[in-house]
Every structure is written in C-alpha cells, then in structure tokens.
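The values are calculated or read from the model by the stated rules, or taken from the named source; none is laboratory data. All values reported here derive from a predicted model rather than from experimental measurement. Here the Cβ positions follow ideal geometry from the backbone for every residue, glycine too, while neighbour counts run over all protein chains shown. With ligands, DNA and RNA removed, areas are computed over all heavy atoms of the protein, side chains included. Shrake-Rupley method; radii C 1.70, N 1.55, O 1.52, S 1.80 Å.
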Amino acid sequence: DIAARIGIAVPTSYHISSAGDLTGLRGRLHFPIVAKPRSKTARNNFKVRYLHSFEELASIFAEDQHVASEVLIQEYCPGDGVGVAVLMRKGQPVGLFQHRRLKELPSTGGVSVMAVAEAPEPALTEQAVSLLRALKWEGVAMVEFRRDADRRAVLMEVNGRYWGSLSLAVQAGMDFPLYQWQLAHRESPLVPTSYAVGMRWRWIAGDFARLHGMFT
C-alpha cells in the first residue's frame, strides 16, 4: 500500500476470503497468475504455484476449504529479478548494491541460485530508497523488483533482513555486515563508491534442484 501510494508499480493482488469469491473474479483474472502463501507460517505450508487457467486455480480451493484464508492471488510479472540492497541510517542510504538473478528456483521465479552484480540503476535505487524512507527503515533491507524487457520494474517484496546472496555483495566489495557493525559501535564506515560489477555468485545445490525441477 505504501509503495503504491508513492508511485512505485506493484502487482495486482486479490485477497480471497472464500472459494465462493472465485466466481466474481473469473472475468477479471489474466493468466498466468501466481498463488502464494500470505504468511510463511501458513497452516498447510502452501508453496508458491504458477497457474495457467481458472480451472487450475479452482482446483486449489476444491482440495482444501481452508486454503482461501491462507493464499494470495497475484498478477504474474515477467522478467528478471533485480535486488537493490540498502543499508539505511536516519533516512539516508549508507551503502547500495544491485544484483540481477540469472537463475531462480523454481525456474519460473523464486529464490536466486545464480546472480550477477550490476551497477546501481538510478531509477531503481531511487524507488528503493524512497520506499525505505517511507517505512522509516533503519538497517539493511533488500528491495526486490521484477524488470521486463521494456525496463518496466514492479516491486515484488522487501526483505527486511540479510538476504541469501549476501556473499555476492561482500565479495564484490560492499561489506554490509561490517558497515552495520561499525554503525552499531558508533564508528564511521568507509563505504566504497563502487564495487566489482559483473561478479557472479552461484548456489550450487539450488542450481541442481532447479535443473531437477525443470525435468520433473
């Protein structure tokens, strides 16, 4: 809601309270769509699913009458996953780092298994910092976007913690844990003005799991 209010594009989302709500949505949904858990503590541990027809969507609710209260239906946004990592201090970005996902698990979109360091894009970093300011955020966060071939970026989520590919930022020269530790100890971190663009990161176990999923 905050992102939309300050002009950041977000996916169209539908909160369904009961299976009966699906009937009213039938003419409004454009497939493919994504069904994802509203919370990681959902009762049935619902996993993200990519659905290509209304019949597929209806089958989820037919399987379990309680799933409606636990699942968010969202517009599918094509393109690459791009993460803008920021260390915020009193409304100002202390450090910035951008990476793009080359491979994800599952292959249709998910966690990063291969990524590359990119130079910060002014438009994306401006949106990320503006959002974190609006949230009055202190500390690290990774603001994730989905960017298509036309360079249109849509906000996916904000990871308010250290992210899985943190080591890419550190190895590329942007040592977020060090800078945050220094700030916590009232020291002034010496943050570089650039880092190693083009450096790649790979999660080997995840990459094999992704490959397995593509053939099953």
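Miscellaneous remarks
- Cα extents for segment 65-203 along the principal axes, largest to smallest and rounded to whole angstrom: 53, 33, 27.
- Glu75/Phe208 FRET efficiency (R0 25 Å; Cβ-Cβ; nearest 0.05): 0.25
- Of the GluC sites (Glu not before Pro) in segment 107-204, those whose Cβ has at most 12 other Cβ within 10 Å and which sit in DSSP loop: Glu187
- Mean Cα-pair separation over length for the chain, i.e. relative contact order, pairs under 8 Å, 6 or more apart, %: 20 percent
- The label point for Arg38 and the one for Arg161, both projected 7 Å from the Cα toward the Cβ, are 2.1 nm apart.
- Here the spin labels are modelled as points 7 Å beyond Cα on the Cα-Cβ line, and at Ala4 and Glu55 they lie 3.2 nm apart.
- Cross-link reach is defined here as a Cα-Cα straight distance under 20 Å, omitting same-chain residues fewer than 8 places apart; for Lys136 the aspartates and glutamates meeting it are Asp1, Glu126, Glu144, Glu157.
- Residue-count net charge about His99 - beta-carbon cut-off 11 Å; Lys, Arg +1, Asp, Glu -1: 0
- Note on Met199 and Ala119: the extension gain reaches 27.7 nm, defined as 0.36 nm multiplied by sequence separation minus the Cα-Cα distance.
- Electrostatic bookkeeping for Arg49 treats Lys and Arg as +1 and Asp and Glu as -1; over the other residues with beta carbon under 11 Å from its beta carbon, the sum is +1.
- Solvent exposure of the chain as accessible area per residue, Å², 1.4 Å probe: 55 Å²
- If R0 is 35 Å, the Cβ-Cβ spacing of Arg28 and Ala149 corresponds to a FRET efficiency of close to 0.85.
- Candidates per trypsin sites (Lys or Arg not before Pro) in segment 142-184, loop by DSSP, up to 14 other Cβ within 10 Å: Arg151, Arg152, Arg161
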